[in-house]
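For reference, the structure is listed below as structure tokens.
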Amino acid sequence: MCINPRLPKVDKASTVRLRYHVLARNDSIAHGTRDYFTQRGILALNLVSAPGAGKTTLLEHTIRVLQRDVPIYVIEGDQETSFDADRIRATGCPAQQINTGAGCHLEAKMVADAVAALSPVPGSLVMIENVGNLVCPALFDLGEHAKVVISSVTEGDDKPLKYPYMFRNADLMLLNKIDLLPYVQFDVSRCWDYAKRVNPQIETMPICAAQAQELGPWYTWLRRRLAAHKRA
Ligand code: MG
Ligand code: ZN
């Protein structure tokens with residue numbers, strides 16, 4: 001995880017203690033947020049990917065299709081701008097933008113504050129779009145019930161092995177931009193193989209978010225999760 005380079009130099013043991021402290025505090029806030037969601041039958045998902053993989057585009061289509069059936073709320077994480085929250089609000093869905101400034105991931109406290117501002121109704125779906133980054137968002141629990149990792153064929157098929165923490169911690173991997181496969185060097189079966197190697201349980205689906213194609217299995221996955229969550 002990232003430590004602010006402007007901090008004074010500390011010895012290795014202190015750095016390890018600091019990391020442990022930061023993550024422990026984060027996890028305790030995240031547990032509180034998850035309890036809040038679970039008690040109200042709210043399903044919360046943490047969408048993670050490299051920048052530009054298509055998270056916001058996927059959310060726009062998902063909201064248009066599912067918001068008739070379930071109230072949806074979105075929390076957007078970016079270093080700067082409210083571009084993504086503006087795009088989400090244009091679909092009619094409430095959205096809260098978090099700007100992390102120099103930070104490169106969302107933390108549980110930021111999400112807890114955004115949830116308080118949105119106050120999602122019981123039985124709703126909360127989608128958290130994390131800052132585009134395949135590294136430290138894997139380490140920070142935000143209080144979600146599952147992580148969904150979005151890869152795209154323009155990023156290369158080796159990412160699950162290069163960033164194993166992210167793929168190990170995700171329940172579902174969406175492979176986006178498959179309409180570009182004829183134009184890029186990308187071996188889909190190798191990518192699935194690498195993802196299963198770091199996480200044998202991970203579910204995988206090819207999608208094309210920009211054209212709103214091949215999204216059926218994703219909607220089925222979401223509906224199944226929502227139903228299971230309500231029963232629990
Ligand atoms: Mg985005
Ligand atoms: Zn970070």
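The values are calculated or read from the model by the stated rules, or taken from the named source; none is laboratory data. What you see is a predicted model, and the numbers here were worked out from it, not measured in a lab. Heads up, the Cβs are rebuilt from the backbone with ideal geometry, glycines too, and the neighbour counts pull from every protein chain shown. Just so you know, the surface numbers come from the protein's heavy atoms only, side chains and all, with ligands and any DNA or RNA stripped out. Shrake-Rupley method; radii C 1.70, N 1.55, O 1.52, S 1.80 Å.
Starting from residues that are among the β-branched types (Val, Ile, Thr), more than 12 Å from ligand 1 (Cβ to nearest atom) and in a loop (DSSP other than H, G, I, E, B), keep the ones in the range 39-91 and report whichever is surrounded by the most Cβ atoms within 10 Å (Cβ to Cβ). Give the derivation first.
Just the residues of the range 39-91 that are among the β-branched types (Val, Ile, Thr), to begin with: 42, 48, 56-57, 62-63, 65, 70, 72, 74-75, 81, 88, 91.
Checking the rest, the ones that are also more than 12 Å from ligand 1 (Cβ to nearest atom) come to 42, 62-63, 65, 70, 72, 91.
Adding the requirement that they be in a loop (DSSP other than H, G, I, E, B) leaves 42, 70, 91.
On the way: Ile42: 24, Val70: 16, Thr91: 16.
Ranking the qualifying residues of the range 39-91, first place goes to Ile42.
How many residues does the range 141-181 contain that are buried (at least 22 other Cβ atoms within 10 Å of the Cβ) and within 13 Å of the chain's Cα centre (by Cα)?
Number satisfying all stated conditions: 13.
Kindly indicate which of Ser151, Ser49 is in contact with a strand residue (DSSP E or B) (Cβ under 8 Å, 6 or more places away or on another chain), away from ligand 2 (no atom under 16 Å from the Cβ), closer than 20 Å to Tyr163 by Cβ and of a type in the set (S, T, N, Q).
Working: Ser49 fails: away from ligand 2 (no atom under 16 Å from the Cβ).
Answer to the check: Ser151.
I need the full set of residues from the range 92-127 which are without any contact (Cβ under 8 Å) to a residue 60 or more places away in the chain, open to solvent by 10 Å² or more (accessible area, probe 1.4 Å) and assigned to a helix (DSSP H, G or I), in order please.
Matches in the range 92-127: Met110, Asp113, Ala116, Ala117, Leu118.
In the range 221-232, which residues are modelled with pLDDT under 95 and surrounded by 14 or more Cβ atoms within 10 Å (Cβ to Cβ)?
Scanning the range 221-232 gives a single hit, His229.
Looking only at the range 182-220, how many residues end up being buried (at least 17 other Cβ atoms within 10 Å of the Cβ) and over 20 Å from Asp158 (Cβ atoms)?
Final tally of qualifying residues: 5.
State which residue pairs qualify: first residue within 18 Å of Asp141 (Cβ to Cβ) and inside the range 10-30, second residue among the aliphatic types (A, V, I, L, M) in any location, beta carbons under 6 Å apart, and separation of 6 or more residues or different chains.
Cβ pairs passing all conditions: Asn26/Ala108; Ile29/Ala108; Ile29/Ala112; Ala30/Ala108; Ala30/Leu142.
Return only the number of the condition from (1) loosely packed, with under 14 Cβ neighbours inside 10 Å; (2) within 16 Å of ligand 1 (Cβ to nearest atom); (3) β-branched (Val, Ile, Thr) that Val16 does not satisfy.
Exception for Val16: condition (2).
What do you reckon, is Lys147 over 19 Å from Thr204 (Cα atoms) and among the basic types (Lys, Arg)?
Working: over 19 Å from Thr204 (Cα atoms): no; among the basic types (Lys, Arg): yes.
Answer is no for this residue.
All but one of (1) within 14 Å of ligand 1 (Cβ to nearest atom); (2) under 20 Å from Arg34 (Cβ atoms); (3) not hydroxyl-bearing (Ser, Thr, Tyr) hold for Ile150; state the number of the condition that does not hold.
All conditions pass for Ile150, except number (2).
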